[in-house]
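Just so you know, all these numbers are worked out from the coordinates, no wet-lab data involved. Since this is a predicted model, take the numbers as computed values, not measurements. Counting neighbours? That spans all protein chains shown, and the Cβs are built from the backbone with ideal geometry, glycine included.
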Amino acid sequence: MKKPFISGFTIVRNAVKFDYPIIESINSILPIVDEYVVAVGNSDDGTLDLIKSIGSPKIKIIETVWDDNLREGGKVLAVETNKAFDAIGPHVDWCFYLQGDEVVHEQYHQAILDACSTYQNQQHVEGLLFGYTHFYGSYDYVGDSRSWYRNEIRIVRNDKSIRSYKDAQGFRKDNKKLLVKPIPAKIFHYGWVRDPRFQQAKQEGFRRFWHNDAFIEQHVATANEYDYNTIESLTQFTGTHPLVMKDRLARMNWAFNWDTKKKKFKFKDGLLYWFEKYTGYRLFEYKNYTVI
């Protein structure tokens with residue numbers, strides 16, 4: 001069987017200003033992809049130079065301009081994701097999408113490559129489904145409530161009728177859910193782990209991709225630091241982080257501690273949470289895909 005050709009792709013803008021782990025994200029799968037398309041949006045903080053500093057011949061940079069008028073529902077994120085996806089040539093079999101705060105542990109590399117080979121000639125399989133670990137507050141805690149999605153598509157076939165969906169969380173084909181196979185690999189999501197000052201700036205800036213100025217002024221608190229203590233529930237992380245995160249973990253310069261016994265659920269959410277904990281089944285779960 002011919003080894004499948006895999007292209008990574010991502011979008012990024014103002015990664016320095018908002019302290020995105022974009023370098024770690026790209027480097028986490030660079031060893032297992034044959035190329036990596038990075039759509040660098042118009043930034044004012046040196047993001048383009050940051051991506052160039054990776055220095056790998058696998059990296060293919062395209063420069064884009066974000067339409068800041070596409071604010072409703074985060075539509076601009078899907079538009080930019082499609083630009084990166086469309087820049088992938090027809091020689092590619094599978095396309096591996098990572099967002100700028102998502103990292104893959106090296107322990108999953110072989111499983112990912114095996115899955116791409118296994119399903120390469122099964123054309124009815126349109127995508128591969130990953131599990132998620134969502135870190136919060138620090139590198140020691142993960143979100144375990146229903147507000148965190150458990151799975152999402154991160155590898156799709158190189159079929160340009162597949163489009164990024166809504167705010168670029170997942171993908172659809174002809175506005176239908178993709179047919180996917182789950183694989184034994186997880187995405188480590190670090191979007192809620194950064195210095196509280198950067199996290200607050202990110203919240204104030206990033207909400208502009210979903211809402212107008214009036215909504216932001218009314219609903220997004222203005223502060224010097226983000227308050228991590230508003231979360232519903234966390235559990236202790238007991239695994240290991242990807243090697244590419246080693247330096248970032250060492251640079252952590254803020255303190256966050258959480259009593260994992262503490263829960264802040266409304267009554268209904270609490271019932272659903274404990275039902276899931278005891279049964280392993282999530283009632284009324286939204287799934288942006290169809291497992292086959």
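The figures follow:
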{"item": "Exposure proxy order (Cβ contacts within 10 Å, fewest to most) of Glu225, Glu232, Glu24", "result": "Glu225, Glu232, Glu24"}
{"item": "Net dipole in debye of the stretch 1-126 [+1 Lys, Arg Cβ; -1 Asp, Glu Cβ; about Cα centre; nearest 20]", "result": "320 debye"}
{"item": "Mean separation of Cα contacts under 8 Å, 6 or more apart, over the residue count of the chain: relative contact order %", "result": "21 percent"}
{"item": "Within straight-line cross-link reach of Lys166, lysines at Cα separation under 26 Å, skipping those fewer than 8 residues along the same chain", "result": "Lys17, Lys60, Lys75, Lys83, Lys176, Lys177, Lys181, Lys186, Lys202, Lys287"}
{"item": "Selected from Pro57, Trp274, Gln236, residue furthest toward positive end of dipole (the chain; charges at beta carbon)", "result": "Trp274"}
{"item": "Within the stretch 130-156, backbone nitrogen closer than 18 Å to the virtual label 7 Å beyond the Cα of Gln107 toward Cβ", "result": "130-136, 139-143"}
{"item": "Antiparallel DSSP beta bridges within the chain, as percent of all bridges there, nearest 5", "result": "45 percent"}
{"item": "Within-12-Å neighbourhood charge of Ile59 [Cβ basis; K, R +1; D, E -1]", "result": "+1"}
{"item": "Nearest-20 debye value, the chain charge dipole, Cβ charges on Lys, Arg, Asp, Glu", "result": "880 debye"}
{"item": "Helix-only mean residue ellipticity at 222 nm for the chain, each DSSP H run of n ≥ 4 adding -39500 (n - 2.57), per residue, nearest 500", "result": "-7000 deg cm²/dmol"}
{"item": "Euclidean distance between Cα centres, the stretch 139-154 to the stretch 218-292, Å", "result": "6 Å"}
{"item": "Positive dipole terminus of the chain, leading residue within Leu283, Ile22, Asn121 (C-beta point charges)", "result": "Leu283"}
{"item": "Which of Asp114, Asp167 has the fewest Cβ neighbours within 10 Å, and the rest in rising order", "result": "Asp114, Asp167"}
{"item": "Under 15 Å, Cβ to Cβ, from Ala255 - net charge with Lys/Arg +1 and Asp/Glu -1", "result": "-2"}
{"item": "Likely footprinting exposure, Phe284, Phe18, Phe9, fewest C-beta neighbours within 10 Å first", "result": "Phe284, Phe18, Phe9"}
{"item": "Order by protection proxy (mean Cβ within 10 Å, highest first), peptides 185-191, 254-260", "result": "185-191, 254-260"}
